[in-house]
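J.: Before we start, here is the structure in question, set down as structure tokens.
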Amino acid sequence: MQWRRVDLHLHTPASADYHQPGVSYLDILRQAESRGLDAIAFTDHNTVAGYRKMTEEIHQLEVLEQLSRLRSEEQKTLAEYRRLREKVLVLPGFEFTATFGFHILGIFDPDMDVREIEFLLRKLNIPVDKLDTGSVEVGATNDVLTAYRTISEAGGIVIAAHANSNNGVAMRGFDFGGQTRIAYTQDVHLHALEVTDLDKRDVRTTARFFDGSKPEYARRMRCIQGSDAHQLERDPKDRHRLGVGDRVTEVMLPDMTFAALREVFLSDDFARTRPYRHAEKAPYDYVQSAREEGATFVQDFHSRHSRRGGHLYAILCDICAFANTNGGTLYVGLSADLKEPPIGVGNPRQVIDAIQTEVSQRITPPLEVKADAQDSQGKRIVRVTVPRGEDPPYAIDDNKVYIRSESETGLAVRDEIVNLVLHSQAPESPVEHVESPVQEELPEQTHGRVEPPRTGVEIVDTEERQGTLYHTMRDLRNGNVVKNVTRKSARKLWHYAITQVEDHPVDPKKIEWVGDIAVARKREHAGQSRYDLVQMDAGKARVYYGVTDDGIHSDWTELVGLEAEE
């Protein structure tokens, strides 16, 4: 297994908007070699003409060679093509312009006949007279979801091009979104998002947004980067005009083949892709990047793993909780505290075997988790990847059911166990086909009222029985309602909310309202900002406790001082 450098978004002179006249296909391969690339993809606009012209040029030279009619210069050209194509895998593909102008990359096996790829473009409604023009403007084509499915079912890799930028399916800069953006970024036939901020360290990056922690974006998406080069080298006068290999993804592969590459894109091992950093920068540290995000709904950290002291059991509890909620990743050998240096794991194989043995012997029904060793700051760290379980509830020792509540794991109460059973019995509903995002209603607004935040808890009812207050809690992430929660039985977030409502109730007259919403409190907890938010609804003040940044949307964003999603 080796890290291979790939640039899966390159244009050639076959694209009508190519910036550099006089460039040959051989020039592009030479530039790829000089940048140390192991694979590239020709992804011209709505055409495979560039790849076809290159292969036709090579074929013509080979025919002349067979006829012993090659000139000296032609012989050198053919030899150079053969040498470069031994070093750099060149993949055929296209950048399809879907309905409303969204761009989608389709990348294919070089053994696939070019005419088959052109047939796909015709199925996607690219007009015959546009198949060779390389134009972005191709008239009415197919919608995004149909394009995903068509490319995937043909055996291609499906990537949303520059998803966080212009013509990207993350729809930054659009006034609409909601269910359309969810559908366009969570569809099962979409294999990755190409983004322009992969190497940035910021909680507002695209990769962070689509890491599976947001309630409405529950499927974690692989994020990669590509140059989208329309010329050989970066334009010194315009830093946004990149050249071949100026923005590269590294992929961990056993061999540099299309089949091996597609297998990574279909897998859930997100540590096998990373942004390439040039020699002057330290290699991308996947574990440290996760650590900078801290403990979340879908990841956590454990410094120690010994059975003594309950460390191994704590790891098992997190695994059970992740399986019962949305899946997740555990890192063993370091804490979530960035101030503490990683401890590391002395014998990763032994730790992995111990964890997997505990899972197989103590968690029911059977659950398969993956574990491997990663390097971070000179230490070996064990990474455990837990899938979202297909048969919840999962339990430790047959009767202890754990769930994940934001960044914490706790025992499930009766109503939560009931919800797990009901959800497991409900048929999986596919993402609805979306024809026109322009016509849909914004999900953030319901008849002019701002929807509640999407994380945290709300106390919807309280009843006193024999001197004890029993509360009904609503989990804002999933809408589940849990009854009969007391101050004594509540876990951390619930306990905080109950303590606040019992000891420090919100007085609507003493807070500063912005329309019908307000911030009651802001605090820092486990390295994250937590908000207690208030909303006036039909004359009643509703309080949302422990809301994290992941649950903030629409008007709440400006209220708490976060940058809006573009």
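J.: In region 42-57, which residues are touching a residue at least 24 places away in the same chain (Cβ under 8 Å), assigned to a helix (DSSP H, G or I) and not small (G, A, S)? It would help to see each step written out before you state the result.
T.: Initial filter on region 42-57 (touching a residue at least 24 places away in the same chain (Cβ under 8 Å)): 42-55, 57.
With assigned to a helix (DSSP H, G or I) added as a condition, the list becomes 49-55, 57.
Correct list: Y51, R52, K53, M54, T55, E57.
J.: What's the total number of residues in region 292-310 that are of a type in the set (V, I, T) and either in contact with a Cys (Cβ under 7 Å, 6 or more places away or on another chain) or not in a strand (DSSP E or B) (or both)?
T.: 1
J.: Of everything in region 289-303, what is more than 15 Å from the chain's Cα centre (by Cα), modelled with pLDDT of 90 or more and not charged (D, E, K, R)? Give them in sequence order.
T.: Once the filter is applied, which keeps residues that are more than 15 Å from the chain's Cα centre (by Cα), modelled with pLDDT of 90 or more and not charged (D, E, K, R), region 289-303 yields A295, F301, H302, S303.
J.: Let me ask something else about it. So for region 218-227 (the condition being touching a residue at least 40 places away in the same chain (Cβ under 8 Å), farther than 19 Å from S165 by Cβ and in contact with a Ser or Thr (Cβ under 9 Å, 6 or more places away or on another chain)), does at least one residue qualify?
T.: Checked region 218-227: at least one residue is touching a residue at least 40 places away in the same chain (Cβ under 8 Å), farther than 19 Å from S165 by Cβ and in contact with a Ser or Thr (Cβ under 9 Å, 6 or more places away or on another chain).
J.: Another one. Here are some residues: A207, A160, A147. Which one is touching a Leu at 6+ places or on another chain (Cβ under 7 Å), aliphatic (A, V, I, L, M) and without any contact (Cβ under 8 Å) to a residue 40 or more places away in the chain?
T.: None of the others qualify; the one that does is A207.
J.: Any chance region 309-321 includes a residue that's touching a Pro at 6+ places or on another chain (Cβ under 6 Å), at negative phi and surrounded by fewer than 19 Cβ atoms within 10 Å (Cβ to Cβ)?
T.: no
J.: Then there's this: Kindly indicate whether L70 is surrounded by 17 or more Cβ atoms within 10 Å (Cβ to Cβ) and without any contact (Cβ under 8 Å) to a residue 12 or more places away in the chain. Walk me through it before giving the result.
T.: On the way: surrounded by 17 or more Cβ atoms within 10 Å (Cβ to Cβ): yes; without any contact (Cβ under 8 Å) to a residue 12 or more places away in the chain: yes.
So L70 passes the test.
J.: Which one is farthest from R454 (Cα to Cα), of the residues in region 529-543 that are among the small types (G, A, S) and assigned to a strand (DSSP E or B)?
T.: A541
J.: Need pairs with beta-carbon distance below 8 Å; first residue touching a residue at least 40 places away in the same chain (Cβ under 8 Å) and on the phi > 0 side of the Ramachandran plot and within region 455-481, second in a strand (DSSP E or B) and hydrophobic (A, V, I, L, M, F, W, C); sequence gap 6+ or separate chains.
T.: Cβ pairs passing all conditions: G456/L533; G456/V547.
J.: Moving on. One residue is enough: does region 263-280 have a residue meeting the conditions more than 28 Å from V188 (Cα to Cα), modelled with pLDDT of 95 or more and touching a strand residue (DSSP E or B) at 6+ places or on another chain (Cβ under 6 Å)?
T.: The answer is no, given that none of the residues of region 263-280 is more than 28 Å from V188 (Cα to Cα), modelled with pLDDT of 95 or more and touching a strand residue (DSSP E or B) at 6+ places or on another chain (Cβ under 6 Å).
J.: Does any residue of region 221-231 turn out to be of a type outside the set (K, R), in contact with a helix residue (DSSP H, G or I) (Cβ under 6 Å, 6 or more places away or on another chain), surrounded by fewer than 22 Cβ atoms within 10 Å (Cβ to Cβ) and part of a loop (DSSP other than H, G, I, E, B)? Working first, answer last.
T.: Let us first name the residues in region 221-231 that are of a type outside the set (K, R), namely 221, 223-231.
From what's left, in contact with a helix residue (DSSP H, G or I) (Cβ under 6 Å, 6 or more places away or on another chain): 223.
In the following step, the residues that additionally are surrounded by fewer than 22 Cβ atoms within 10 Å (Cβ to Cβ) were identified as none.
Within region 221-231, not a single residue is of a type outside the set (K, R), in contact with a helix residue (DSSP H, G or I) (Cβ under 6 Å, 6 or more places away or on another chain), surrounded by fewer than 22 Cβ atoms within 10 Å (Cβ to Cβ) and part of a loop (DSSP other than H, G, I, E, B).
J.: Only one of A564, A490 is modelled with pLDDT under 95, within 30 Å of M171 (Cα to Cα) and in a loop (DSSP other than H, G, I, E, B); which? Even if it seems obvious, please write down each step before you answer.
T.: Details: A490 fails: within 30 Å of M171 (Cα to Cα).
From the options A564, A490, the qualifying one is A564.
J.: Taking the conditions exactly as written (touching a Phe, Trp or Tyr at 6+ places or on another chain (Cβ under 7 Å), in the same structural domain as P393 (by TED's automatic domain parsing) and either in contact (Cβ under 8 Å) with a residue 24 or more places away in the chain or not in a loop (DSSP other than H, G, I, E, B) (or both)), does Y313 satisfy them or not?
T.: Answer is no for this residue.
J.: Just checking, does region 261-280 include any residue being in contact with a His (Cβ under 9 Å, 6 or more places away or on another chain), over 30 Å from D397 (Cα atoms) and among the charged types (D, E, K, R)?
T.: The answer is yes, given that some residue of region 261-280 is in contact with a His (Cβ under 9 Å, 6 or more places away or on another chain), over 30 Å from D397 (Cα atoms) and among the charged types (D, E, K, R).
J.: Does region 67-95 hold any residues that are of a type in the set (A, V, I, L, M, F, W, C) and assigned to a loop (DSSP other than H, G, I, E, B), and which are they? So that I can check it myself, show each step before the final result.
T.: So in region 67-95, the residues of a type in the set (A, V, I, L, M, F, W, C) come out as 67, 70, 78-79, 84, 88-91, 94.
If the condition is that a residue be of a type in the set (A, V, I, L, M, F, W, C) and assigned to a loop (DSSP other than H, G, I, E, B), then L67, L70, V88 are the ones that fit.
The values are calculated or read from the model by the stated rules, or taken from the named source; none is laboratory data. Quick caveat, the model's predicted, so the values are computed rather than measured. Ideal geometry is used to build each Cβ from the backbone, glycine not excepted, and the neighbour counts take in all protein chains shown.
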